[in-house]
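The values are calculated or read from the model by the stated rules, or taken from the named source; none is laboratory data. Computed from a predicted model, the values in this text were never measured in an experiment. Backbone-built Cβ (ideal geometry, glycine too); neighbour counts: all protein chains shown. To get the accessible areas, we keep the full protein, side chains included, count just its heavy atoms, and leave off ligands, DNA and RNA. Shrake-Rupley method; radii C 1.70, N 1.55, O 1.52, S 1.80 Å.
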Amino acid sequence: MLVSLEKAEREAWPRPRPLKIALPAVMPFDPDLLPAALRAYVVDIADRQQSPPDFAAVTAVCGLAAALGNRVRIRPKQHDDWQVVPNLWGAIIGRPSAMKSPAMQSALSPVYALQDDMRRKWEEAEREAAVDDVLSEIDAKDAKKRAAKALKEGDRAGARELLASLAEDDGGETPCPRLIVNDATVEKLGELLNENPRGLMLVRDELPGFLARMESEEYASERAFYLEAFNGDGRFTYDRIGRGTVTIDSCTLSIIGGMQPSRLAPIVQGAVSGLSNDGLIQRLQLAVWPDDVGSWQWVDRHPSLIARDDYESAFRRLHGLELGDGEGGYTALRFTPKAQALFREWMEENQRDARSGRLSQIMESHILKMPKTVASLALIFELVGGGTTAVDAETTARALDWADYLRSHANRIYSAGQTLAEEGARLILERRKQLPKEFTARDVQRKQWSGLADRETVASALDLLIVTHHCRELPQEPDIRGGRPSTVYRWNPCLAESA
């Protein structure tokens, strides 16, 4: 009789379905999205490393933004004073061993080379300055002797004139110029930005560590600084007992880093739930999550020297542009009439879409930040192509193609909360024998399993297990003590057959 009841119970349950959430499709990277000077080498990197070309392409564009800095800007309207500093924030997302770090290092090699050149020139200047200091000491001794002699002879004014030159401050030590930082406190980063007013680039091999730090209440002031640094032309002042008051005149910072999908999910979940929805994650405008490379093959050849030379030349050209002597110490370009029409049409459509009420709050925030990104890309592509007077229609159209490409990746990224639910559901299912036959969400949460420590994540995972018929909610009688009874779940008995 008992066997018959168990059989009847099993037959009353649907068969469990596989735990699989399909991510939204993304546009594959088209090499034509890049100017000709960058295209061949990005494809070369991807081929030799067998990685998605998206990784090298996004890193390259963010690197170009850092090489250019804030000395050239764009005014996206013909008469308005709205202007955009072309600093960019990006992230490359992929599973472990997807060749994120090698692609990033290869694409950033010209930026590191520029920084090395700057350091060598600084070291040479410091050696010359050391020799000048010795000569200055000799001059100072001689001047003191002559001043003492003049004073004895009653020429006090002459003695003061001789000593006045010694009192002049030589400005102190000249700091070593930088382009790249990897791990710095916000106070130190502020000092580095003041020493390098054109701007810097934050490179993080593992970006989630940086973002997780920003989530902590302890580092709320740092989060505020980075939110300000996205625009590239803001000022920021902080007061510290040790360092005193430091004012950063130009918070120009580009960012690039790598990320695993599993580490992305909790960050997106926080933004979606409203716990940390101040727009930090949406500022990663050049964030891409391409499909894995389907087939791998052994590639062992030298890099294309011609492609690499063209690629490196583009970085040197942008870094060495003799622009920036206009009002405010920078040059601002505008669109040509045809380019202006393209940008206006796109922006009007973008704004209508954002205000339609059809989008999630996180996506709405993301696309409202896209005009800065599109304008920055158009300016950078124009300068890479050799233009220095106005941004033309061809480079603007290329930037608008990037907008479509990046939008598709944003759709995938903001669905990462679903992948978190899937991973949580898989973990609960794998460890179900550690739970009672009838269990509550609190029973799961008490286990403190990785990624399942908070109520919202556990609830999402259990909802997925219910939808896929791995478990179900049991009807509960009202609690005689009052209050809402805890939801109790029961495993599908069919799971015992496959255990």
Exercise for the section: Would you mention how many residues in segment 206-236 are within 23 Å of Trp82 (Cα to Cα) and either modelled with pLDDT under 85 or assigned to a helix (DSSP H, G or I) (or both)? Expected result: 9
Completion exercise
Only unsatisfied item for Pro86, checking (1) assigned to a loop (DSSP other than H, G, I, E, B); (2) under 30 Å from Ala265 (Cβ atoms); (3) at pLDDT 95 or above; (4) not charged (D, E, K, R), is (2)
Handout entry: Any chance Ile380 is out of contact with any Ser or Thr (no Cβ under 8 Å at 6 or more places or on another chain), over 30 Å from Ala461 (Cβ atoms) and buried (at least 22 other Cβ atoms within 10 Å of the Cβ)
Key = yes
Practice task
Any residue in segment 407-428 that's in a helix (DSSP H, G or I): show its pairings with residues that are open to solvent by less than 20 Å² (accessible area, probe 1.4 Å) and among the hydroxyl-bearing types (Ser, Thr, Tyr) at Cβ separation under 7 Å, as long as the two are six or more apart or on different chains.
Solution key: Leu420/Thr457; Gly424/Thr457
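So that you can scan it fast, the table gives a plain yes or no per residue for (1) crowded, with 21+ Cβ neighbours inside 10 Å; (2) of a type in the set (Asp, Glu); (3) over 19 Å from Leu202 (Cβ atoms):
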residue	(1), (2), (3)
Pro52	yes, no, yes
Val61	yes, no, no
Ala98	yes, no, yes
Asp117	no, yes, yes
Ala130	no, no, yes
Handout entry: Selection from segment 28-50 of residues that are within 25 Å of Glu206 (Cβ to Cβ) and either within 20 Å of the chain's Cα centre (by Cα) or open to solvent by 20 Å² or more (accessible area, probe 1.4 Å) (or both)
Key = Phe29, Val42, Arg48, Gln49, Gln50
Fill in the blank from the handout: Just one listed residue, out of Leu323, Leu342, Leu318, is in a loop (DSSP other than H, G, I, E, B), more than 19 Å from Gln49 (Cα to Cα) and open to solvent by less than 100 Å² (accessible area, probe 1.4 Å), and it is Leu323
Problem - Residue that is modelled with the highest pLDDT [pool: residues in segment 185-205 that are buried (at least 19 other Cβ atoms within 10 Å of the Cβ) and β-branched (Val, Ile, Thr)] - result: Val203
Exercise for the section: Among the residues of segment 399-427, write down those that are among the aliphatic types (A, V, I, L, M) and touching a helix residue (DSSP H, G or I) at 6+ places or on another chain (Cβ under 6 Å). Expected result: Ala399, Leu400, Ala403, Ala410, Ala416, Leu420, Ala421, Ala425
Practice task
Could you check segment 429-499 for helices (runs of 4 or more DSSP H) lying wholly inside it with 2 or more residues that are under 22 Å from Pro266 (Cβ atoms), at pLDDT below 80 and not hydrophobic (A, V, I, L, M, F, W, C)?
Solution key: 455-467
Problem - Breaking point among (1) closer than 30 Å to Leu23 by Cβ; (2) modelled with pLDDT under 90, for Glu349 - result: (2)
Exercise for the section: Among what's in segment 8-27 and is under 14 Å from Cys471 (Cβ atoms) and in a loop (DSSP other than H, G, I, E, B), pick the residue that is modelled with the lowest pLDDT. Expected result: Leu19
Exercise for the section: Report yes if Asp404 is open to solvent by 10 Å² or more (accessible area, probe 1.4 Å), more than 17 Å from the chain's Cα centre (by Cα), modelled with pLDDT of 95 or more and under 22 Å from Arg352 (Cβ atoms), otherwise no. Expected result: yes
Handout entry: Yes/no for Asp353 being surrounded by fewer than 18 Cβ atoms within 10 Å (Cβ to Cβ), without any contact (Cβ under 8 Å) to a residue 60 or more places away in the chain and within 22 Å of Pro35 (Cα to Cα)
Key = no
